[in-house]
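Engineer: Structure in structure tokens, see below.
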Amino acid sequence: MRDGYLYLDDGRTFGGYLIGGHSKPAEVVFTTAMTGYEEAYTDPSYMDQILTWTYPLVGNYGTSLKIRQGERPAVSGVIVSELTAAPNNWESEGTLAEFLAEYGIPCLAGADTRAIARAIREEGTPRGVLAGADEAAQAAQWLATPPAHDQILRVTTKEPYTLGDGTHRVTVIDCGVKRHMLELLCAQDCRVTVLPATATAEDVMATAPDGVFVSNGPGDPADAPGTADTLRDLLGKVPMLGICMGHQLLALALGGRTVKLPFGHRGGNHPVLHLETGAITMSSQNHGYAVEEASLPDGCEVTERSLHDGTVEGFCHRGYRVRAVQYHPEASPGPRDNEEVLAQWIASWQGGRV
């Protein structure tokens, strides 16, 4: 542990104690969740991001292999107010500090996370780097490097694989899918075939799917034009459901546009209004882009809306049998209010209503 800082690309700095080496330059984001730090750190959607936890105590219940959502942490760095040194949980397999050290993920502890969250909220999402107090000059040089645009290619599966032995054949286009989503699909009596994000429409149709699921993932949807082209080629051929990044890619496939949010939606307490029923559910979210509502073509119907900022949280195109939601039905972490999305989608194959 040594004196360290979060250095932002606009010159602002926030101090604390640096555990581990310096991070690479990355987007600095915050989450409002109170639990689920291990799931968040291993969520592929956080690739190339430094994650600030607004909840003041992080690491209280340690770490456990079974709740991880990816093979390794996706985050570039971690910022916390207080890092618990002695977790208390019968399932704990180690401390959070040990977990981060195992994978070389730097952590800035003792930071004013409220000030960092306010700065991001008011000024927009900056790029930053975690580094020692004596590395200010190097930090400026690191931040001058252009950001990467290949996050989906780095997190997608390299080879197809199959899970479950259910009745329904679901093909997943993996843009950074979380482990729990695959478990929920299997629990819905599905045989799941997972394909890389680079799969073509021919690759997808060769799996003879009853439905195609487009997963969550990191980065800018505009950086994955090939995946959007594949989805465009699949329109009308098979029912499709997209979540998070999949939601945005389906919008692009239909001819819509996406925009970068001033600050993203991240955390487990985002209220969503379901326009057809008037119901309000709490959702888990992790995204920095949103679908531009005015760009959606004729035939698209907005079905859900954020009660925080009014952005599109869901849409459908009944003619093409497409449904998409911006939030995470599988949570992990977060509330489970929206898990029925999967069952509703599968039921729609027989009922003709998306």
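The values are calculated or read from the model by the stated rules, or taken from the named source; none is laboratory data. These numbers were taken from a predicted model, which means no experiment stands behind them. Glycine also receives a Cβ, built like all others from the backbone with ideal geometry; neighbour counts cover every protein chain displayed.
Engineer: L241 - would you say it is touching a Phe, Trp or Tyr at 6+ places or on another chain (Cβ under 6 Å), modelled with pLDDT of 95 or more and crowded, with 24+ Cβ neighbours inside 10 Å?
Structural biologist: Details: touching a Phe, Trp or Tyr at 6+ places or on another chain (Cβ under 6 Å): yes; modelled with pLDDT of 95 or more: yes; crowded, with 24+ Cβ neighbours inside 10 Å: yes.
Yes.
Engineer: Can you say whether D203 is among the charged types (D, E, K, R) and touching a Leu at 6+ places or on another chain (Cβ under 8 Å), as far as the supplied structure shows?
Structural biologist: On the way: among the charged types (D, E, K, R): yes; touching a Leu at 6+ places or on another chain (Cβ under 8 Å): yes.
Judged against the criteria, D203 is a match.
Engineer: Hey, another quick one. Output the residues belonging to segment 209-221 that are surrounded by fewer than 23 Cβ atoms within 10 Å (Cβ to Cβ) and under 13 Å from A148 (Cα atoms).
Structural biologist: D220
Engineer: What are the residues in segment 52-74 that are in contact (Cβ under 8 Å) with a residue 40 or more places away in the chain and within 25 Å of E330 (Cβ to Cβ), if any?
Structural biologist: T52, W53, T54, I67, R68, Q69, G70, A74
Engineer: Okay, moving on. For segment 98-145, give me each residue that is in contact with an Asp or Glu (Cβ under 8 Å, 6 or more places away or on another chain), under 21 Å from T32 (Cα atoms) and in a strand (DSSP E or B).
Structural biologist: The initial filter retains those residues of segment 98-145 that are in contact with an Asp or Glu (Cβ under 8 Å, 6 or more places away or on another chain), namely 99, 109-110, 123, 125-128, 132-133, 143.
So of that shortlist, the ones also under 21 Å from T32 (Cα atoms) come out as 109-110, 123, 125-128.
Those that are in contact with an Asp or Glu (Cβ under 8 Å, 6 or more places away or on another chain), under 21 Å from T32 (Cα atoms) and in a strand (DSSP E or B): A109, R127, G128.
Engineer: Look through A85, A101, A119 and report the one residue that is outside the structural domain of D174 (by TED's automatic domain parsing), in contact with a Lys or Arg (Cβ under 7 Å, 6 or more places away or on another chain) and touching a residue at least 12 places away in the same chain (Cβ under 8 Å).
Structural biologist: The match here is A119.
For (1) surrounded by fewer than 23 Cβ atoms within 10 Å (Cβ to Cβ); (2) over 17 Å from A109 (Cα atoms); (3) touching a Phe, Trp or Tyr at 6+ places or on another chain (Cβ under 6 Å), each residue gets a yes or a no:
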position	(1), (2), (3)
R12	yes, yes, no
G15	yes, no, yes
G20	yes, no, no
S23	no, no, no
E27	yes, yes, no
F30	no, no, no
M34	yes, no, yes
Y41	no, no, no
I50	no, no, no
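Engineer: Is it true that G255 is part of a loop (DSSP other than H, G, I, E, B), on the phi > 0 side of the Ramachandran plot and out of contact with any Pro (no Cβ under 8 Å at 6 or more places or on another chain)?
Structural biologist: Numbers: part of a loop (DSSP other than H, G, I, E, B): yes; on the phi > 0 side of the Ramachandran plot: yes; out of contact with any Pro (no Cβ under 8 Å at 6 or more places or on another chain): no.
When the stated conditions are applied, G255 does not pass them.
Engineer: Against the definition (of a type outside the set (A, V, I, L, M, F, W, C), assigned to a loop (DSSP other than H, G, I, E, B) and buried (at least 24 other Cβ atoms within 10 Å of the Cβ)), how does G334 come out, yes or no?
Structural biologist: Details: of a type outside the set (A, V, I, L, M, F, W, C): yes; assigned to a loop (DSSP other than H, G, I, E, B): yes; buried (at least 24 other Cβ atoms within 10 Å of the Cβ): yes.
The answer is yes for G334.
Engineer: Could you check how many residues of segment 270-304 are of a type in the set (G, A, S) and either within 20 Å of Q151 (Cβ to Cβ) or part of a strand (DSSP E or B) (or both)? So that I can check it myself, show each step before the final result.
Structural biologist: Step one: of segment 270-304, the residues of a type in the set (G, A, S) are 278-279, 283-284, 288, 290, 294-295, 299.
This time we only want the ones that are either within 20 Å of Q151 (Cβ to Cβ) or part of a strand (DSSP E or B) (or both), so: 283-284, 288, 290.
Residues flagged as of a type in the set (G, A, S) and either within 20 Å of Q151 (Cβ to Cβ) or part of a strand (DSSP E or B) (or both) within segment 270-304 amount to 4.
Engineer: Here is a list: G267, G236. Which entry is part of a loop (DSSP other than H, G, I, E, B) and closer than 28 Å to E293 by Cα? Even if it seems obvious, please write down each step before you answer.
Structural biologist: On the way: G267 fails: part of a loop (DSSP other than H, G, I, E, B).
Exactly one residue qualifies, and that residue is G236.
Engineer: Provide a single number: the residues in segment 37-82 that are under 16 Å from the mean Cα position of the chain (by Cα), in a helix (DSSP H, G or I) and either not aliphatic (A, V, I, L, M) or not assigned by TED's automatic domain parsing to the domain that holds H22 (or both).
Structural biologist: So the answer is 7.
Engineer: Another one. Step by step: first the residues of segment 286-313, then only those that are closer than 11 Å to L261 by Cα and in contact (Cβ under 8 Å) with a residue 60 or more places away in the chain, then the one that is surrounded by the fewest Cβ atoms within 10 Å (Cβ to Cβ). Which residue is that?
Structural biologist: First, the residues of segment 286-313 that are closer than 11 Å to L261 by Cα: 287-292, 309, 311.
Still in the running and in contact (Cβ under 8 Å) with a residue 60 or more places away in the chain: 287-289.
Values: H287: 24, G288: 20, Y289: 22.
For segment 286-313, the residue satisfying everything is G288.
Engineer: Another one. Could you run through segment 167-185 and say how many residues are in a loop (DSSP other than H, G, I, E, B), of a type in the set (S, T, N, Q) and surrounded by 24 or more Cβ atoms within 10 Å (Cβ to Cβ)? If you could, list the steps in order and put the result at the bottom.
Structural biologist: Step one: list which residues in segment 167-185 are in a loop (DSSP other than H, G, I, E, B), which gives 167, 175-178.
Among the residues that remain, those that are also of a type in the set (S, T, N, Q) are: 167.
The next check asks that each one be surrounded by 24 or more Cβ atoms within 10 Å (Cβ to Cβ); those that pass are none.
Number of matching residues: 0.
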